[in-house]
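Remarks on the structure that follows.
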Amino acid sequence: MRFFVGLDWASEAHAVCLIDQRGRVRWRTSVAHSAAGLAALVQRLRRWRQQGPLAIALERPSGLVVDTLVHAGLDVVPIHPNVVKATRPRYSAAGGKSDPGDAFLLADLLRTDGHRFRPLQPPSDDTRALRTLVRGRDDLVAHRVALANQLRALLERVWPGAAHIFADVDSPIALAFLTRYPTAQSAGRLGEKRLAQFLIQHAYCGRRSPRELLARLHAAPPSQLGDAEADAAGDLVRSLVAVLTPLGAQLQQLGAAVTAALHHHPDAPIVHSLPRGGTINAAQILAELGDERRRFTTAEHLAAEAGVAPVTHASGKHHAVTFRWACNKRLRTALTTFADNSRHASAWAAAVYQRALARGCDHPHAIRILARAWVRVVWRCWQSRTPYDVSRHGAAAALTAA
């Protein structure tokens, strides 16, 4: 007798439903999201597994619950939420929804369509460590960009000159300048000599002279603020600078940690061999690609997961090719970033990109086409555990020889 378990994940309690191979409900429960609750769930599922093979379906491929079940040696099958949503009308014509109902739906979907889903193959500890660092760094970069945009928007309103004196408002020299001169009034006596001393003190390495920077500062239109609003704006500028300054330092430390983790990963030579991949971008690709070769059985599978292959809708005389929204967006960002960089170092990549532009594609579309072409190469290197070699890449080698 085979058993199928559906687990509807939640923050405080998880609905669980176990059915047999005939679809009969054999056990229902609600498990608290606690150490005792998860331990009891694992113990009960192990007892059921003694009576026959057992698999568990969830709507997510990662998380504490998934890690607990996998660590206990149980078979976990992740099912995409879009599949569950599309299947729900089979079980409720009225469109009703409940946690116990979803748990049963997951279990029965695994029973009837289990051959369509692939059991979860957890990555190695090296890959999990690299993925944790890379994703954490990417999230902090997004926070830094948001804070920098907020700071720039504020300066454009209260002190436009400070937003344009340096190239990046969140660069170390710009943040040091705003720390010392948070308002236009505080920089009222700033002259060329004082600015030169400031630049020397903070080891400014730009190509602009103090006179040019001062001209930028004074060329911007002045703001029309009262004294009270100017003081309030200065307080807000100080607050944003106080958050951005240590955030940049922490990102540098995380970048070093990512570099070290990538260096110790056994698949690092593969991603390092890609033309103009870069350390951080190579780590992003490897973190999302993983090291479980059975995860992507074909290059087309990888392209779909990465969102660089479009979706085709064809029925009768209707035929449409649309953008793929459901995908691993982090993997898509990593691959498209690499593809964009590679066209500056690979003649083959540049030719693929230019042909896409010649067909009328815009830049993002052409980059996705190039990423789709690179996926075939990356997948083959990844499957064979072989670094990229342009001499073995037929199309690239022929173009280089010509």
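The values are calculated or read from the model by the stated rules, or taken from the named source; none is laboratory data. Everything quoted here is computed from the prediction, not taken from an experiment. FYI the Cβ positions are ideal-geometry reconstructions off the backbone, even for glycines, and counts take in every protein chain you see. The protein model used for the area step is the full one, side chains on, heavy atoms only, and it has no ligands, DNA or RNA in it. Shrake-Rupley method; radii C 1.70, N 1.55, O 1.52, S 1.80 Å.
Give me the tail of P(r) for the chain as a percent: Cα-Cα pairs with distance above 26 Å. Working shown, then result.
On the way: 54419 of 80601 pairs.
When every Cα pair of the chain is considered, 68 percent fall beyond 26 Å.
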field: Sorted peptide list for 171-183, 279-291, criterion being average Cβ within 10 angstrom, highest first
entry: 279-291, 171-183
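How would you order 302-314, 79-91 from highest to lowest mean count of nearby Cβ atoms within 10 Å? Provide the component values of the computation, followed by the final result.
Working: 302-314: 18.5, 79-91: 13.7.
In descending order of packing, they fall as 302-314, 79-91.
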- prompt: Which percent of the accessible heavy-atom area of the stretch 341-402 goes to carbon and sulfur, probe 1.4 angstrom?
  reply: 53
Pair Arg189, Lys85: separation of 7 Å Cα→Cβ label points (nm): 6.2
- prompt: In whole Å, what is the distance between the alpha-carbon centres of the stretch 352-383 and the stretch 12-52?
  reply: 46
field: For the stretch 1-90, with +1 on Lys and Arg beta carbons and -1 on Asp and Glu, the positive-most of Ile56, His14, Ala36 along the dipole
entry: Ile56
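Place a +1 charge on the Cβ of each Lys and Arg in the stretch 289-369 and a -1 charge on the Cβ of each Asp and Glu, then give the dipole magnitude about the Cα centre in debye, rounded to the nearest 20.
Values: 12 positive and 6 negative charges, 25 e Å.
Dipole about the Cα centre, nearest 20: 120 debye.
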task: Starting from the Cα of Val145, move 7 Å in the Cα-to-Cβ direction to define the label point; list residues of the stretch 330-370 whose amide nitrogen is under 16 Å from there.
output: 330-341, 364
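About its Cα centre, how strong a charge dipole does the stretch 29-173 have in debye, to the nearest 20, once Lys and Arg get +1 and Asp and Glu get -1 at the Cβ?
Details: 19 positive and 14 negative charges, 105 e Å.
Result for the stretch 29-173 is approximately 500 debye, rounded to the nearest 20.
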task: Find out how many positive minus negative residues lie around Arg238, taking Lys and Arg as positive, Asp and Glu as negative, among other residues whose Cβ is under 12 Å from that of Arg238.
output: -1
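What size of dipole, in debye to the nearest 20, comes out for the chain about its Cα centre when the only charges are +1 on Lys and Arg C-beta atoms and -1 on Asp and Glu C-beta atoms? Please list the in-between numbers first.
Details: 51 positive and 32 negative charges, 237 e Å.
Computed about the Cα centre, the dipole is about 1140 debye.
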- prompt: Using alpha-carbon pairs under 8 Å, 6+ residues apart, how would you state the relative contact order of the stretch 299-364 in percent?
  reply: 22
message: Positive end of the dipole of the chain, charges at C-beta (+1 Lys, Arg; -1 Asp, Glu), about the Cα centre: which of Thr333, Ala228, Gly188 has its Cα farthest in that direction?
response: Thr333
- prompt: Where the eigenvalues come from the Cα gyration tensor of the stretch 308-352, what are the semi-axes √(5λ) of the equivalent ellipsoid, largest first, in whole Å?
  reply: 28, 16, 5
- prompt: What is the stretch 333-388's relative contact order, in percent, from Cα pairs under 8 angstrom and six or more apart in sequence?
  reply: 32
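Suppose all protein chains stay in the model; what accessible area per residue would a 1.4 Å probe give for the stretch 1-122, in Å²?
Numbers: 6420 Å² over 122 residues.
About 53 Å² of surface per residue is accessible.
Please report the net charge: other residues with Cβ closer than 11 Å to the Cβ of Gln121, K and R +1, D and E -1.
Numbers: positive: Arg118, Arg293, Arg294, Arg295; negative: Asp75, Asp291, Glu292.
Around Gln121, the surrounding residues sum to +1.
Is the shape of the stretch 98-150 rounded, prolate or oblate, going by the alpha carbon gyration tensor and its root eigenvalues a ≥ b ≥ c, with a/c under 1.5 for rounded and a/b larger than b/c for prolate?
Details: a/c = 4.27, a/b = 1.89, b/c = 2.26.
Because a/c hits 1.5 or more and a/b fails to exceed b/c, the stretch 98-150 counts as oblate.
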- prompt: What percent antiparallel are the DSSP beta bridges of the chain, to the nearest 5?
  reply: 70
message: With an 8 Å Cα cut-off and a minimum separation of 6 or more residues, compute the relative contact order for the chain in percent.
response: 12
- request: Considering only Arg131, Arg26, Arg368, give the residue with the highest GNM mean-square fluctuation for the chain, with springs between Cα atoms whenever their separation is below 10 Å.
  value: Arg26
message: Under 10 Å, Cα contacts only: if you run a Gaussian network model on the chain, which one of Arg295, Arg211, Arg330 comes out with the highest mean-square fluctuation?
response: Arg211
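Under a Cβ-Cβ cut-off of 12 Å, what is the net charge of the residues other than Val145 that fall near it, where Lys and Arg count +1 and Asp and Glu count -1?
-2
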- prompt: In nanometres, what is the gap between the two model label sites at Ser239 and Arg135, each 7 Å from Cα along Cα-to-Cβ?
  reply: 3.1
task: Post the alpha-carbon centroid distance, the stretch 82-116 to the stretch 181-259, in whole angstrom.
output: 56
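Taking 45 Å as R0, compute the FRET efficiency from the Cβ-Cβ separation of Ala196 and His365 and round it to 0.05. Provide the component values of the computation, followed by the final result.
Working: r = 48 Å, r/R0 = 1.06.
My answer for the efficiency is 0.40.
Compare Leu236, Leu74 by solvent-accessible area with a 1.4 Å probe and give them largest first, with all protein chains kept in place. Intermediate values should be presented prior to the final figure.
On the way: Leu236 75, Leu74 10 Å².
Order by accessible area, largest first: Leu236, Leu74.
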- request: Counting helices only, and only those DSSP H runs with n ≥ 4, report the 222 nm mean residue ellipticity of the chain as the sum of -39,500 (n - 2.57) divided by its residues, in deg cm²/dmol to the nearest 500.
  value: -18500 deg cm²/dmol
message: I'd like to know which of Thr297, Ala176, Val70 lies farthest towards the positive end of the charge dipole of the chain, counting +1 on Cβ of Lys and Arg and -1 on Cβ of Asp and Glu.
response: Thr297
